[in-house]
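The values are calculated or read from the model by the stated rules, or taken from the named source; none is laboratory data. Only a predicted model underlies this, so the values are computations on that prediction, with no experimental measurement involved. In this analysis, Cβ positions are derived from the backbone assuming ideal geometry, glycine residues included, and neighbour counts consider all displayed protein chains. Heavy atoms of the whole protein, side chains included, go into the accessibility calculation; ligands, DNA and RNA do not. Shrake-Rupley method; radii C 1.70, N 1.55, O 1.52, S 1.80 Å.
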Amino acid sequence: MLVQETSKLKEDILRLKKEKDVVILAHNYQIPSVQDVADFTGDSLGLSRQAAKVDQKTILFCGVHFMAETASIISPQKKVLIPDLEAGCSLSDSITLDELKNWKKQHPGAIAVGYVNTTAEIKSELDYCCTSSNAVNVVKSIPENKEILFLPDMFLGSYVAKMTGRKNMRIWAGECHVHAGITPDDITKKIDSLKEAEFLIHPECSCTTPMMYDFATGSFEDRPVSILSTEGMLNHAKNSKAKNYVVATETGILYRMKQQNPNKTFIPASEKAECQYMKMNTLEKVYDSLVEDKYEVKVPKDIADKARLAINRMLKIS
Ligand code: 13P
Ligand code: SF4
């Protein structure tokens with residue numbers, strides 16, 4: 001698209017969202033032009049919190065389907081739109097409702113803790129929901145004698161088990177194809193490419209597990225390592241004195257990181273770490289959503305009422 005076309009489209013979107021009383025929420029992995037028209041950009045937890053408190057009657061959620069569902073569950077009186085209904089998530093697809101029901105049957109009395117990257121149906125079967133930024137605290141809040149079923153991400157699950165020292169945690173073997181693709185090998189290759197770089201790692205990455213020992217000891221080959229949610233990474237980059245960073249998550253986050261820290265250098269741990277689902281939302285589709293009020297994401301009331309209990313417990317824990 002030509003630069004003039006992009007800026008005209010952006011102007012139209014900004015005008016339309018005011019006229020139609022719409023707030024645009026965008027995840028940190030959205031393409032730059034979509035982030036530019038958003039009212040709030042953030043991680044899953046931050047955006048859920050925004051969805052709960054914004055005044056506008058309509059939320060246009062530029063993220064993936066489970067995020068829009070979560071917003072609709074939290075604010076059932078609001079209309080929630082998503083620019084592309086096909087924007088799914090391989091991690092949320094890694095457990096089905098029947099699989100979860102069977103797992104719970106095999107472990108009666110266990111507490112089910114599920115990542116926010118799950119469908120509304122799965123959330124309706126959970127005791128607690130969590131995100132990458134509060135998973136450790138959610139698990140810590142559960143009495144130690146209670147067995148925990150943690151789903152669906154195995155790398156986040158192993159990280160949480162390590163950080164809490166929990167021995168009675170069963171972890172579902174699911175993964176996000178983008179983060180599972182960021183391997184220890186990618187990290188090793190970057191060690192010498194950026195001098196004195198700090199490592200910022202998302203807990204969904206497959207490199208998280210082998211790097212956990214280094215994380216626990218605070219360094220990897222003498223480089224500081226932090227395992228953080230996407231918003232946690234952005235806050236860390238703003239506050240740390242380091243000049244250089246290797247960033248292990250979806251590459252969309254680099255846009256905001258560079259904008260907020262023009263004098264620092266950021267390189268992705270893997271250039272291939274792109275989520276095709278997140279990238280389905282384009283500026284044209286955002287415009288069409290606003291003009292045609294599409295695509296509405298609605299969760300049936302019985303499912304939403306049950307799922308809200310687990311989500312509200314998540315929102316209470318930071
Ligand atoms: P954050 O909650 O850290 O933004 O991660 C979410 C995620 O992986 C969405 O794909
Ligand atoms: Fe899902 Fe992974 Fe894409 Fe996040 S990056 S939306 S977890 S597939």
Exercise. Restricting attention to the range 161-214, which residues are under 25 Å from Asn263 (Cβ atoms) and surrounded by fewer than 18 Cβ atoms within 10 Å (Cβ to Cβ)?
Worked result: Ile191, Asp192, Ser193, Leu194, Lys195, Glu196
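Could you identify the single residue in Asn117, Asn145 that is within 13 Å of ligand 2 (Cβ to nearest atom), of a type in the set (S, T, N, Q) and open to solvent by 10 Å² or more (accessible area, probe 1.4 Å)? Steps first, answer last, please.
Numbers: Asn145 fails: within 13 Å of ligand 2 (Cβ to nearest atom).
Unique residue meeting the criteria: Asn117.
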For this session: Tell me, yes or no, whether the range 215-238 has at least one residue that is under 23 Å from Asn134 (Cα atoms), open to solvent by 10 Å² or more (accessible area, probe 1.4 Å), modelled with pLDDT under 85 and among the aromatic types (Phe, Trp, Tyr).
Result: yes
For this session: Would you mind listing the helices (runs of 4 or more DSSP H) fully within the range 84-184 where at least 3 residues are β-branched (Val, Ile, Thr)?
Result: 135-140
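What's the total number of residues in the range 139-172 that are within 13 Å of ligand 1 (Cβ to nearest atom) and touching a helix residue (DSSP H, G or I) at 6+ places or on another chain (Cβ under 7 Å)? Give the steps one after another, and end with the answer.
First pass over the range 139-172, keeping only residues within 13 Å of ligand 1 (Cβ to nearest atom): 152-153, 155-156, 159.
Restricting the remaining residues to those that are touching a helix residue (DSSP H, G or I) at 6+ places or on another chain (Cβ under 7 Å) gives 152, 155-156, 159.
Result for the range 139-172: 4.
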Exercise. Which one is nearest to ligand 1 (Cβ to nearest atom) among residues in the range 13-42 that are in a loop (DSSP other than H, G, I, E, B) and open to solvent by 10 Å² or more (accessible area, probe 1.4 Å)?
Worked result: Tyr29
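Of everything in the range 251-276 that's open to solvent by 50 Å² or more (accessible area, probe 1.4 Å) and in a loop (DSSP other than H, G, I, E, B), which residue is nearest to Leu60 (Cα to Cα)?
Taking the range 251-276 and keeping what is open to solvent by 50 Å² or more (accessible area, probe 1.4 Å), we get 255, 258-260, 262-263, 265, 271-272, 274, 276.
Add one more test, that the residue is in a loop (DSSP other than H, G, I, E, B), and what stays is 262-263, 271-272, 274, 276.
On the way: Pro262: 29, Asn263: 33, Glu271: 29, Lys272: 28, Glu274: 22, Gln276: 19 Å.
For the range 251-276, the residue satisfying everything is Gln276.
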Problem set entry | Residue among Ala135, Ala110 that alone is open to solvent by less than 10 Å² (accessible area, probe 1.4 Å) and of a type in the set (Gly, Ala, Ser) | Ala135
Exercise. Is it the case that some residue within the range 56-74 is in contact with a Gly (Cβ under 6 Å, 6 or more places away or on another chain) and over 25 Å from Lys258 (Cβ atoms)?
Worked result: yes
Exercise. Inside the range 155-209, can you point out the residues that are within 16 Å of ligand 2 (Cβ to nearest atom), touching a Leu at 6+ places or on another chain (Cβ under 7 Å) and farther than 18 Å from Ala273 by Cα?
Worked result: Trp172
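So, Ile253, is that one modelled with pLDDT of 95 or more and under 19 Å from Gly88 (Cβ atoms) or not? Can you show your working first?
Values: modelled with pLDDT of 95 or more: yes; under 19 Å from Gly88 (Cβ atoms): no.
Criteria not met by Ile253.
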